[in-house]
Structures are given as C-alpha cells and as structure tokens.
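**Student:** Below is a structure I'd like to ask you about.
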Amino acid sequence: MSRRGVFTGVLSIAAAFLLVSTGGVGATEPAGSASSATAVNQKAGELYACVSISQNQLTLTTRSANCPTGQTKVVWTAVENATHKVTKAKRGKRGPRGKRGKRGKRGKQGARGPIGPTGPAGSGTGPTGPTGATGLTGATGPTGVTGAIGMAGPTGATGDTGQVGPTGPTGASGATGPGGGTSLIGSGPVSLPPSAGDMPTAVAALPLVGAFQTVNSAPFPPSSLDPAVITAAQIIPADTTIAGLSAVFTSTVFTTPLVPVEIQIALYNGMPGSPASPVPGVACMVPLPGSIFPGLTSTCSEAAAVVLPANSIAYLVAYNTGPAPEPIQGQISTGLATD
C-alpha cells in the first residue's frame, strides 16, 4: 500500500473515532436517511492524536505533548450540538518545507583506492637542495709510492774565496816508503747511439792520458786502422801493472731510455800494427736511470791486476748497452790506477 493510501486509512479511522467520542454516528438518524454519516457534536473543542502511518495506529494525546519519533500529530475541531455530515476530507496543501536537520555523524573511512597511473615527468631541473651535514672524517689512506727523483737543480754560484790561513809549523820528516803507483787520467765528450739488441753499434775512443775536446767515435768493434782509434791509442813505455779502473759520466742532454741502460767502459791493448782486443778484468759499467737529464752523474769502479807489456799500445772505449731512443750524450772521465 502507498503512503497516500495509508494516510487516507488513518484519516478514516480518526473520523470514526471522532464520531464515537462525540456521541456516535446514526444514534438519532431516522430510517431512510442519506447514506452519508451524520455526527452530532456534544461540545465544542479540539482533539489531538499521534498517528503512526507505518503501523496504522492512532493514539490520543494532549495539546502540549510531543509525539514519539516517526509519528505525526493531528488535531480536529468539534462544534457543540452541531450536526454535520462526515465526508472524506480533501487533502490539504503541502506544508512548508521543514528546517534542515543537523548534520549526521561522519561515516567510516572508505577502502583505499588503487594506485593511480604514474604522472608525466616534470620538466626542468628542480632547485638545489640544502647542503647536507659534513660527513665523518675518513680513515687515513695508505702512503703513496715514492715518486721519481727530480731533476738536479742548477749549480749555485761560486762563493767568495776565503782568507789564507797562517802557515802551520813544519812537521817531522816521515820514513821513506816503498815506491808508489801513479794514475793515468783521461777524458772526452761522447755521443753513444743505442745498441742493436745485445750488440753495440758504435763506440767512443778515449785516451788513457789527456783530454779530447770533440766526440771521437768509431764503429763497433773498433779497428786499429780506424782514424778515431789511431787518434786515441797511446804507447806503453814500460811494463805497467793496472790495479783498477774508475770512471764518471755526466749527462749533457735529456734522454728517456725505454729501459734502464748502462755505459760499458773497457781497456783495449795490442802491439802496433796488430788489432787490439779488450783486456780481461779491466772494465766497469756506469748505470743510468730511466730518465736522463743534464747534470746527471753516475760512476763505476773495478779493481784489477793486469800487466800491460812495454811498447804496446792501449786506449779506452765506451759504448751504450741499451735501446735508448736517441744517443746518450755527455762527458766521460777515466782513471787507471797503476803499481
């Protein structure tokens, strides 16, 4: 049943109730009267009732009482000693809209929705963030490898000559010693080309005594007929014992050999008109580092005990034993100790 039908039924019940409460319907109605009901109001006044449409129920109440929740309060006006025909009342106009009720309580939070698609990448570079806090100091790293020896600095200026000190007292004469040996000192500039494998390509021929002013080179092995060898060869006037060989090399150019190299310095001896040959045991090797620069100095020294016969000729040779990319140039000075 619709809400309108229910309300109409309730009104019918209310009308019948009203008739009963005011003396009834048809109590004085003559026979053959109209079919519509006629009521006689015994006393003027108002009737109040609470109507429950959902339960089809009507309950009398008072003017000041409030109806329970869900029920509607209705009122009828009764006229004293009035006879009226009870007819179906017309539906009244719709009343004004009631005030808005209070806001209900907040509902429970709904379930989490699915993750939405990834949004497009932003354009441009964002602002630089703040500088982070300084981190802890790291542990000290291992000591690095010692670097290569640096180039020698330039020679300093010669200082002033100091004053000559006073002559000391003459010492006592010492005992006469045995005859001592002498030293044979020679020198000259050299330009030593790299070797071809283990074989030198050229040598520098140097005198036993004296100094050359220019490079004096000859192919390897040196020949007694080569002009450079002839220039360096010197006569041995008497049997001479060679007790040792010392040499010093001083570089005059920059050179970077592929590997560390050595300069071989050897004594050659022979009779005039015959090829000279290396003297066994009278030779030394001057070592050179992987980086050669002007002013670099390296020495060698070897003891010996060899006799050079009288009237023979002798000379010194020097040659490069390593594959340097360019000739090793410098000055070589030699000293032969004799007994």
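**Student:** State which residue pairs qualify: first residue under 12 Å from F293 (Cα atoms) and at pLDDT below 90 and inside the range 248-266, second residue open to solvent by 50 Å² or more (accessible area, probe 1.4 Å) and in a strand (DSSP E or B) in any location, beta carbons under 8 Å apart, and separation of 6 or more residues or different chains.
**Tutor:** Listed pairs, sorted by first residue: T255/Q329.
**Student:** For the range 229-247, which residues satisfy the criterion of being under 17 Å from G335 (Cβ atoms) and either modelled with pLDDT under 90 or not in a loop (DSSP other than H, G, I, E, B) (or both)?
**Tutor:** A232, Q234, T240, T241, I242, A243, G244, L245, S246, A247
**Student:** Please count how many residues of the range 285-339 are assigned to a loop (DSSP other than H, G, I, E, B) and more than 44 Å from the chain's Cα centre (by Cα). Write out each step before concluding.
**Tutor:** Of all residues in the range 285-339, those assigned to a loop (DSSP other than H, G, I, E, B) come to 289-291, 293-296, 309-312, 321-327, 339.
Next cut, more than 44 Å from the chain's Cα centre (by Cα) only: 309-312, 321, 327, 339.
The qualifying residues number 7.
The values are calculated or read from the model by the stated rules, or taken from the named source; none is laboratory data. No experiment lies behind these values; they were computed from the predicted model shown. A quick note on method: Cβ atoms are made from the backbone with ideal geometry, for glycine too, and the neighbour counts reach across all protein chains shown. Calculation scope for accessible area: heavy atoms of the full protein, side chains included, ligands and nucleic acids excluded. Shrake-Rupley method; radii C 1.70, N 1.55, O 1.52, S 1.80 Å.
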